[in-house]
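Since every read-out is calculated from the coordinates, none of them should be taken as a lab result. Note that this is a predicted model, so its numbers are computed, not measured. Please note: Cβ atoms are built from the backbone with ideal geometry, for glycine as well, and neighbour counts cover all protein chains shown.
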Amino acid sequence: MSELRLHDYHPSSASLMQEVLAGLAATPKVLPPKLFYDHRGAQLFERICELPEYYPTRTEIAILERHAEEIADLTGRGACLLELGSGAGVKVRLLLEHLRPKMYVPIDISRTQLRASAEAVAQDYDWLEVHPVCADYCRPLRLDFIPDDTHRLVFFPGSTLGNFEPAEARAFLENLRGLTGDEGALLISIDLKKDPKRIDDAYNDSAGVTAAFNLNILNRLQCDLDAEVDPDGFRHQAFYNRRAGRVEMHLISRRPQTIVVDGRTFHLDEGKTIHTENSYKYDVEEFQDLARRAGYRSPRVWTDSDALFSVHLLRPA
Ligand code: TRP
């Protein structure tokens, strides 16, 4: 089998550096979540998805399995299927036989994982045209290899939209209309509000995988951006902020220390935080309202019987 051609728009280390410097200079300090997903981070995240405490992945998979045929009936077959954050490519496999897309465009920031999972999909579904795109999908994408007249379905799994601030989430959805076109659709997964204990546990697993994943962002600074930083000087913290409706992920400084990046020194007192990610949770109606304000209607939503997780079909209004 010949190798697939990868469309490579991975952000340059210069642009990652700019984001990191701006984040460390901010109060409180922040780091961009896309830094999580280097090769090791992508592997750690795969392990998170299998943790007993991390309910989102297995619940989402069960919903997709159960409703794949109805999803295909509603979205139509023979489309161009684009996936934002395709990761290991597990979820899309539940849809492919039902959707029978003409073309599959997995988009991910982790190049190694993307290449491997796209190759594997291309081998296992020999009738499918696969065009992997390595990119930060928050930036405008150039996808001129997709014929204009092809009907588009954008799949955005993993409740990743919850990692945006609500106002950003709305703007991001608005922009996605450029990808779906007027006739296309968006299939998007959203983790639901629920018992805070259940949410807290999902981000504080007993095996410490989530902690390792969160701390890996500091290894990334060391290895890819040549920073002077001691990952052991930090600990993982995650909690559900009920008022804001979000999980907050932090790295807490265990002692006074400095991080040096690109010749600039950043000081952290003991107990000070670097905020690495938020994960917003929505009620079904709350999310439908957000989607409406972004210019979509929501003809269908699927949830599990415990109301842990939701998958929404959205169409441009
Ligand atoms: N998108 C995932 C989520 O919000 C990412 C995630 C899971 C994560 N566990 C984490 C991010 C721990 C940082 C730390 O559920």
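Antiparallel beta bridges, as assigned by DSSP with both residues in the chain, represent about 60 percent of the total such bridges. Per-residue 3J(HN,Hα) values for region 33-38, derived from phi via the Karplus relation 6.51 cos²θ - 1.76 cosθ + 1.60 with θ = phi - 60°, read x, 4, 5, 4, 9, 7 Hz in sequence order (x marks Gly and Pro). Looking at region 120-191, the pairs of alpha carbons with a distance over 20 Å make up 39% of the total. Residues whose amide H comes within less than 5 Å of that of Tyr296, counting only those at least five positions distant or on another chain, are Ala317 (H built at 1.01 Å from N in the peptide plane). For region 1-137, the Stokes-Einstein estimate of translational diffusion at 37 °C and a viscosity of 0.692 mPa s comes to 199 µm²/s, using the Kirkwood hydrodynamic radius over alpha-carbon pairs. When Rg and the Kirkwood Rh are both derived from Cα coordinates, the Rg/Rh ratio for region 84-143 amounts to 0.95. Placing +1 on the Cβ of every Lys and Arg and -1 on the Cβ of every Asp and Glu, with no other charges, gives region 70-167 a dipole of roughly 140 debye about its Cα centre.
Taken over region 249-292, the percentage of Cα pairs per 10 Å bin, counting from 0 up to the bin with the maximum distance, is 23, 29, 20, 15, 14.
For region 41-61, the residues whose backbone nitrogen is under 12 Å from a point 7 Å from the Cα of Ser206, taken along Cα to Cβ, are 52-53. Diffusion coefficient of region 88-239 by Stokes-Einstein, Kirkwood radius over Cα pairs, 37 °C, 0.692 mPa s: 180 µm²/s. For region 99-114, putting each phi into the Karplus relation 6.51 cos²θ - 1.76 cosθ + 1.60 with θ = phi - 60° gives couplings of 6, 6, x, 7, 8, 10, 10, x, 10, 8, 8, 8, 5, 4, 5, 4 Hz, in residue order, rounded to whole numbers and with x for Gly and Pro. What the phi angles of region 170-176 give under the Karplus curve with 6.51, -1.76 and 1.60, with θ = phi - 60°, is a coupling list of 5, 5, 5, 4, 4, 5, 4 Hz, glycine and proline written as x. One chain, two ends: Arg242 and Glu168. Fully extended at 0.36 nm per residue, the span grows by 24.7 nm beyond their Cα-Cα distance. Computed over the alpha-carbon atoms, region 219-309 gives an Rg to Rh ratio of 1.18, Rh here being the Kirkwood radius from the mean inverse distance.
Counting only lysines at least 8 places from Lys281 when in the same chain, those with an alpha carbon closer than 24 Å to its own are Lys29, Lys34, Lys91, Lys193, Lys194, Lys197. Each Lys and Arg adds +1 at its Cβ and each Asp and Glu adds -1 at its Cβ; summed about the Cα centre, the chain shows a dipole of about 600 debye.
For region 1-77, what is the charge dipole size about the Cα centre, in debye to the nearest 20, if Lys and Arg each add +1 at the Cβ and Asp and Glu each add -1 at the Cβ?
340
Near Glu277, the amide H atoms lying under 5 Å from its own belong to Met249; only residues 5 or more places off or on other chains count, and H is placed 1.01 Å from N. Binning every alpha carbon pair distance of the chain at 10 Å from zero, what are the percents per bin? Going from the shortest bin to the longest, the percentages are 6, 26, 34, 24, 9, 1. In region 149-268, inverting the average of 1/r over every pair of distinct C-alpha atoms gives 17.3 Å as the Kirkwood radius. Distance between the C-alpha centres of region 81-131 and region 208-255: 30 Å, rounded to the whole angstrom. Around the amide H of Glu83, modelled in the peptide plane, lie the amide H atoms of Val105, Ile107, Phe155, all under 5 Å away and 5 or more residues distant in sequence or on another chain.
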